[in-house]
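A quick write-up on the structure given underneath.
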Amino acid sequence: MDNKARKNQLSSEVPEFRNMMSSLNAKPGLHRSVSEWTSNNQQLSVTAQHERHISNVIRQEGRTLRNETNFKTHWDETDTCRRLSDRVWDVARWKEVLETCAQKVDEEMETLTLSKEHTEQALAATAVPLEVTTECLTLREGRQGHELVTDPVDEQLKKEVELIERVQQVLQQHTSRAFEQLCILQEVRHQLTADLQNKMDALDIDMSCLSLTIKSPHISLKTNPTRIPSGSSTPQEWVQFSQHNVARAHEAMQVSQQIREDMNLTRAQLQNELETQRRATDFALRKRNHHEEQARHELEWQIKTTEGEMAEMESDIHGLDADLQAKTANLKLAHTRLETRTNRPNMDLCRDEVQHGLVNEVQQLEATIAALKQKLSEAQQSLQNMKLHHSRMLQDLSRKQEALSLEQRSMNTRARLTSTSSTDNKNAALVVPLANSSGRSNLKLLAQ
């Protein structure tokens, strides 16, 4: 019992004791020969030398790899910094271009606004002359007896009324055009501002990236950093976008400058006309009436022709829509065939001639449908434009008829005033035939 306890104590203190006991209790191993023992030793030596050689090669390759990768990493980082610097320079340059362009747009908007205000002031200034002229005509109509004649002053005042109305219309058109151009400039300015803000944000980001180093505290590994974010653009698209914004701004400014020049020139011309066209004669008044009738007949013919064209356009629109529906059915058939053929199993899912033919058919149908939709849209837009213009022509015709009625009343009044002198004149009035460029009017103008 004492020996057994001592053995348990030794086995618990020395872990190798159990291995020794098990080896003593095991069966004796297979005895080898001296040659085998020598061969085993040689094999161990050869293997050790081979492994040391491999280890040495690996160590040398590892050192070479470390040196190469260190140089490559340093060069890549330096190249990236250079690229970032170049990019920062490009963005900063475009930022300056956009800022300069935006400043010019602001200046042009201010100048156009000032010119528009001058035109509005000129438009408002025509109210007083119109009021004075109308009052003079009313006063002169109160003349009686032999004083109730159509003298050059009376003719001048009547022409002045018509001229002032035309001046107001022209100035209003220029004012409306200037307002529309201001809206375009505002839109261009907004686009430039948005692009400029994007450039500033990108510049901040690139400069932040340029300032980062391997010792920066906020760097870390990211999930899939080499992905292409949605909405990415190419450098060419990036340049073209800003070039388009700048070109559009310059184009808008050129149009604005032309509008300002037109307004300034028009104001001067209209002012001269207000001073010169009041010297019209009695013949000029009847000629004016003829021109109004000619314009009315011309407009009536245009309305009739436009209505016929509108009817034909509506018929063509129905035809285009019918063709579009038919082509859509063909496209559905081709889509269904393509989708159904995707269910072919295994190697039978072959891109055969049928597949290529269906794909070509779909592409052709899609192009045809797109062309039909485009033409249908153009036709509908054209019809809408014709309807709008037809409405404008009807309004203009109504205005012309009203003006003709007023002028006829004026001519009837003048005829009553001059009836006495006209009966005394036994000579027949000369008839001068007049025709417009289209030859559709047989109106005649009386000349004394």
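So here's what we get for this one:
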{"read-out": "Boolean, GLU298 is at pLDDT 75 or above, outside any loop (DSSP other than H, G, I, E, B) and either open to solvent by less than 50 Å² (accessible area, probe 1.4 Å) or under 30 Å from VAL188 (Cα atoms) (or both)", "value": "no"}
{"read-out": "Residue pairs meeting the criteria (Cβ under 7 Å; at least 6 apart or on separate chains; first part of a helix (DSSP H, G or I), in the range 48-63; second surrounded by 10 or more Cβ atoms within 10 Å (Cβ to Cβ))", "value": "none"}
{"read-out": "Pair list, Cβ under 7 Å, 6 or more apart: the range 262-283 residue open to solvent by less than 40 Å² (accessible area, probe 1.4 Å), other residue of a type in the set (Ser, Thr, Tyr) and modelled with pLDDT under 70", "value": "ASP282/THR150"}
{"read-out": "Which listed residue is closer than 30 Å to GLU300 by Cβ, modelled with pLDDT of 75 or more and among the polar types (S, T, N, Q), from GLN374, GLN325, GLN384", "value": "GLN384"}
{"read-out": "Leading residue by the ranking (nearest to LEU84 (Cα to Cα)) among those in the range 188-243 that are of a type in the set (Asp, Glu) and surrounded by 15 or more Cβ atoms within 10 Å (Cβ to Cβ)", "value": "ASP206"}
{"read-out": "Pairs with Cβ under 7 Å, 6+ apart, first in the range 226-249 and under 14 Å from VAL91 (Cα atoms), second modelled with pLDDT of 90 or more", "value": "SER242/TRP94; SER242/LEU98; SER242/ASP195"}
{"read-out": "Top-ranked residue of the range 328-359 - restricted to ones that are open to solvent by 80 Å² or more (accessible area, probe 1.4 Å) and of a type in the set (D, E, K, R), ranked as modelled with the highest pLDDT", "value": "LYS332"}
{"read-out": "Residue within the range 231-251 that is at positive phi, of a type in the set (S, T, N, Q) and modelled with pLDDT under 90 present", "value": "no"}
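The values are calculated or read from the model by the stated rules, or taken from the named source; none is laboratory data. Note that the structure is a prediction, hence the values are computed from the model and not measured. Please note: Cβ atoms are built from the backbone with ideal geometry, for glycine as well, and neighbour counts cover all protein chains shown. With ligands, DNA and RNA removed, areas are computed over all heavy atoms of the protein, side chains included. Shrake-Rupley method; radii C 1.70, N 1.55, O 1.52, S 1.80 Å.
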